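The values are calculated or read from the model by the stated rules, or taken from the named source; none is laboratory data. None of these values were measured; they are calculated from a predicted model. We place every Cβ from the backbone using ideal geometry, glycine too, and count neighbours over all the protein chains shown.
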Amino acid sequence: MKCVFHIHTIFSSDGFIRLEALYEKACRTGIHALVITDHNCIEGALRFRTRHSDIQVVVGEEIDTSEGEVIGLFLEQPIQRGLTPEETVRQIRQQNGLVCLPHPCDRFRPSTLTEGARQRLLKQVDLIEVFNAGTWRSQYDRDAAALADRAGIPRIWGSDAHNLEELGRTYMEMPPFTTPQEFLSSVKAAAATPVKVALRQRIVSRWRKMFGTADYLNLWERGFLAVQRTMFRLIGGGHVPLTRVWEMSQSLVEKVRQSGFQPDLVVGIESGGFLPARWLAEALNVPCRCLRVSHPQVRLGRMDTDDMIGALLIRDTLMGDEPVLIAGLEEGDDVSRRAGKILLVDDDATSGRTLRVALDHLSKENVEVKLATLRVLGNSTPFPHFFAQDNRHFVFRHHRFPWIKHSPEYRRYARLREQMES
């Protein structure tokens, strides 16, 4: 069977591989098994394993210890980051997992396990990564291979893929396995196809991240938005951190519970209602769906009216400001069709026009809809039944949420949203 070891999905802080794209690439290239090792997280691997049973998945985690990184394999619970290497290994063993040293001799990476920690752990290690496709110098791989031979520890070859283009070039042909011990035996019999990430590919990948659409914001967008952020702060504006959005969402949860209203479905109005709707649905243990209501937009590349100071006035003058339904709930969705009580969620209630458009779409016989917003910024009609803050004063100076692109937390929000959608 064809197996790829050491993969980072969007659940890694530096990974850009979506789960569905990973599955499609695995099917297209004939990969039978994936060892997913996201940084300090196993959620992506668990989700992939649940959705795609036709691809074998080893749930792994590349864990930041107090002295560098260690990989745990065959995990069912995440390992806390920041522990000592010894405690990290102990917790991996508690799950009957395997311990692997990734890129152990790569002195170029600050995340590599320190030499002292490596020597202390060597007798507790099951596998050593003797080839890492992302290592710059082949000498580091040769040093790792020599270390594995001296210690009598089985070798393993890693792709260390963070982008879809890097996946599948480095792989192992190995016998089938099920248990950790079978995996060890299979690795010992594996035939590896180790291929370095080419310099050209590295340059193209970094160019796409800096100037293309591979990252959530490219370099020129970040520069432009930094200027926008500074201007906004100079005129008295500010930005709401994600932690505050979480707190406001939990406040809404408590108010809904206290009211006795028990929705069958939570519906978020994108984009501002997406995150609070997801958090409310999770807390209330009900399904979540989203619809999109939008005003006419003035766009500059991937930025729209909300992301550019002054664009609101231009939009209203040239295009008007009446919101319209862009994407409603799917008619064939059984969850939406059967819902008798719906909680409609948005970020702000100002005039209420966006809420009215969404209500018109949801309104039907025998359906009760109640409204929840993070803030009230005006005398909205309709007025929300639940809200976390009442800030009915000059709207322009209100702090902007993380889904506005000049927010310093926009890229963090974009990754979180992508993970929720996966």
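Of the numbered criteria (1) touching a Leu at 6+ places or on another chain (Cβ under 8 Å); (2) not in a loop (DSSP other than H, G, I, E, B), the one Pro263 fails is (2). Residues that are in a helix (DSSP H, G or I) and small (Gly, Ala, Ser) within region 85-144 comprise Gly116, Ala117, Ser138, Ala144, listed in sequence order. If you go through region 148-174 and keep only what is assigned to a helix (DSSP H, G or I) and buried (at least 19 other Cβ atoms within 10 Å of the Cβ), you end up with Ala148, Glu166. Test Ala327 against the criterion of being hydrophobic (A, V, I, L, M, F, W, C), touching a Cys at 6+ places or on another chain (Cβ under 6 Å) and farther than 28 Å from Arg222 by Cα, and give yes or no. The answer is no for Ala327. In the set Lys364, Lys370, only one residue is basic (Lys, Arg) and in a loop (DSSP other than H, G, I, E, B); that residue is Lys364. When residues in region 1-28 are screened for being more than 24 Å from Arg206 (Cα to Cα) and out of contact with any Phe, Trp or Tyr (no Cβ under 8 Å at 6 or more places or on another chain), 3 of them pass.
Here Asp348, Asp321, Asp333, Asp390 are screened, and the one residue that is closer than 22 Å to Arg257 by Cβ and charged (D, E, K, R) is Asp390.
When Arg18, Arg28 are checked against the criterion of being surrounded by fewer than 21 Cβ atoms within 10 Å (Cβ to Cβ) and more than 18 Å from the chain's Cα centre (by Cα), a single residue qualifies: Arg28. Anything in region 227-246 that is surrounded by 13 or more Cβ atoms within 10 Å (Cβ to Cβ) and either assigned to a helix (DSSP H, G or I) or acidic (Asp, Glu) (or both)? List them, or say none. Residues satisfying the conditions are Gln228, Arg229, Met231, Phe232, Leu242, Arg244, Val245, Trp246. Of the residues making up region 350-371, none is loosely packed, with under 13 Cβ neighbours inside 10 Å and closer than 18 Å to Ser249 by Cα. The set of residues in region 377-403 being at pLDDT 95 or above and among the hydrophobic types (A, V, I, L, M, F, W, C) consists of Phe383, Phe386, Phe387, Ala388, Phe401, Trp403. Sub-7 Å Cβ pairs linking a first residue in region 314-337 that is at pLDDT 85 or above to a second residue that is assigned to a strand (DSSP E or B) and among the small types (Gly, Ala, Ser), at least 6 apart or interchain, are Pro323/Ser294; Val324/Ser294; Ile326/Ser294, ordered by first then second residue. The condition of being small (Gly, Ala, Ser), touching a helix residue (DSSP H, G or I) at 6+ places or on another chain (Cβ under 8 Å) and closer than 22 Å to Leu225 by Cα holds for only one of Ala311, Ala349, that being Ala311. Residues of region 96-137 that are out of contact with any strand residue (DSSP E or B) (no Cβ under 7 Å at 6 or more places or on another chain), closer than 15 Å to Ile63 by Cα and of a type outside the set (A, V, I, L, M, F, W, C): Arg109, Pro110. Scanning region 270-318 for residues being of a type outside the set (Val, Ile, Thr) and assigned to a loop (DSSP other than H, G, I, E, B) gives a total of 14.
Against the test of being among the hydrophobic types (A, V, I, L, M, F, W, C) and either closer than 24 Å to Ala151 by Cα or buried (at least 23 other Cβ atoms within 10 Å of the Cβ) (or both), the options Leu83, Leu98 yield a single qualifying residue, Leu98. In the condition set (1) in contact with a strand residue (DSSP E or B) (Cβ under 9 Å, 6 or more places away or on another chain); (2) more than 23 Å from Asn391 (Cβ to Cβ), Leu219 is compliant with all but (1).
Residue count for region 62-84, restricted to those that are in contact (Cβ under 8 Å) with a residue 40 or more places away in the chain and assigned to a loop (DSSP other than H, G, I, E, B): 3.
Kindly check whether there is at least one residue in region 12-35 that is without any contact (Cβ under 8 Å) to a residue 60 or more places away in the chain, part of a strand (DSSP E or B) and within 15 Å of Leu164 (Cα to Cα). Yes, region 12-35 has at least one match.
Quick check on Lys188: is it at pLDDT below 95 and either more than 26 Å from Val293 (Cβ to Cβ) or among the small types (Gly, Ala, Ser) (or both)? No.
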